[in-house]
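Below: one structure, written as structure tokens.
The values are calculated or read from the model by the stated rules, or taken from the named source; none is laboratory data. Just so you know, these numbers come straight off a predicted model, no measurement behind them. Counting neighbours? That spans all protein chains shown, and the Cβs are built from the backbone with ideal geometry, glycine included.
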Amino acid sequence: MGIKVPEALTASHIHYDGEAGRAWAAGLPALAERFLDEWDLRLDGGTRHGAVALVLPVVRADGTEAVLKLQPVGEETADESVALRAWAGEGSVLLRDADPETGTMLLERLDDRSLADVPDVMRALDVLTGLLRRLVTHPAPEGLRQLGDIARDMLGEVDDALGRLAREEDRYWLRWCASAVAELVSEPGDRLLHWDLHYENVLAADREPWLAIDPKPLAGDPGFELMPALWNRWEEVSGAGDVLRRFDLMVDGLGLDRQRAAGWTFGRVLQNCLWDVRAGDDELSEIQLAIASALRVRW
């Protein structure tokens with residue numbers, strides 16, 4: 001039986017890349033067959049997918065369980081194997097093999113259960129923080145995207161974004177976040193960042209209880225890593241105090257300077273809001289504004 005590409009995955013690629021996305025999705029079965037053959041793999045279950053990647057459970061020639069991850073090479077995916085190779089399984093999923101030209105990777109097989117399934121969000125956050133502490137001990141390999149470049153690009157977008165916002169409150173917070181980034185941009189850091197470490201990107205495993213997956217690698221300050229764990233599982237946040245409890249747990253666990261970490265978290269708020277404005281929104285996300293407002297006492 002041939003490999004079937006889920007309709008939702010094809011739709012996602014069409015949404016983001018139009019006909020090029022449709023063509024890439026149509027070529028997935030042939031790409032999968034190529035690497036099943038080249039890496040001597042046997043299919044071992046049904047396909048899985050996210051918004052970007054097709055994931056196939058496989059068994060290697062030596063009987064080791066693994067997954068074949070197929071995704072297009074783009075700005076957010078091109079360096080994933082570089083980061084995984086640098087971490088070498090220390091807090092992250094193990095990279096077994098990779099083909100940089102196609103973006104295909106062979107990865108250690110993990111459980112489907114994520115930290116999103118842990119009922120106590122603070123316990124889940126403690127686990128996530130422990131993994132993050134291990135990941136950011138590594139210096140970023142040469143050639144990765146640089147936080148300093150991203151921060152300067154963001155600052156260059158602010159004036160245009162201000163003109164697109166309908167509410168004065170939104171303009172105020174965009175200026176506030178931009179001013180924090182402007183103070184930090186000259187010292188962006190050099191650690192290997194995951195950039196997207198939220199609860200669903202930490203999966204249960206046999207080798208360790210929990211491991212990080214799906215990095216969007218970046219060279220920068222660890223303070224830029226905190227935002228995903230602040231706004232994910234937002235339905236469990238009852239107010240500013242809960243935001244601060246999450247923030248303080250991560251800052252203390254990572255041994256970060258509290259004010260600097262708050263500043264780079266404002267940078268993530270700025271980044272998320274600029275993305276929204278670029279997509280056509282004329283009002284900022286209430287979640288992003290709530291986080292910025294809560295963290296003002298830490299800046």
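Observations
- Those residues of segment 178-198 which are more than 21 Å from A292 (Cβ to Cβ) and touching a residue at least 60 places away in the same chain (Cβ under 8 Å), in sequence order: L192, H194
- Given (1) more than 15 Å from S92 (Cα to Cα); (2) buried (at least 17 other Cβ atoms within 10 Å of the Cβ), number of the condition S238 does not satisfy: (2)
- Note on segment 251-288: among residues that are basic (K, R) and surrounded by fewer than 21 Cβ atoms within 10 Å (Cβ to Cβ), the one that is nearest to L125 (Cα to Cα) is R258.
- One residue stands out in segment 45-70 among those that are at pLDDT 95 or above and part of a loop (DSSP other than H, G, I, E, B): the one that is surrounded by the most Cβ atoms within 10 Å (Cβ to Cβ), namely R60.
- Being in a helix (DSSP H, G or I) and either under 30 Å from A32 (Cβ atoms) or of a type in the set (G, A, S) (or both) holds for only one residue in G163, G143, and it is G163.
- Condition broken by A98, with the remaining ones in (1) aliphatic (A, V, I, L, M); (2) out of contact with any strand residue (DSSP E or B) (no Cβ under 8 Å at 6 or more places or on another chain); (3) without any contact (Cβ under 8 Å) to a residue 40 or more places away in the chain; (4) assigned by TED's automatic domain parsing to the domain that holds Y16 satisfied: (2)
- Selection of first residues in segment 147-172 that are not assigned by TED's automatic domain parsing to the domain that holds D281 and aromatic (F, W, Y) and of second residues that are buried (at least 18 other Cβ atoms within 10 Å of the Cβ) and not in a helix (DSSP H, G or I), restricted to Cβ pairs under 8 Å at least 6 apart or on distinct chains, gives an empty result.
- Unique match (being closer than 21 Å to H138 by Cα, at pLDDT 95 or above and in contact with a Pro (Cβ under 7 Å, 6 or more places away or on another chain)) among D252, D257, D221: D221
- E80 meets each of the listed conditions (1) touching a strand residue (DSSP E or B) at 6+ places or on another chain (Cβ under 9 Å); (2) without any contact (Cβ under 8 Å) to a residue 24 or more places away in the chain; (3) acidic (D, E) apart from (2).
- Exactly one residue among G74, G89 is in the same structural domain as G45 (by TED's automatic domain parsing), more than 21 Å from L254 (Cα to Cα), within 18 Å of the chain's Cα centre (by Cα) and assigned to a loop (DSSP other than H, G, I, E, B), and that residue is G74.
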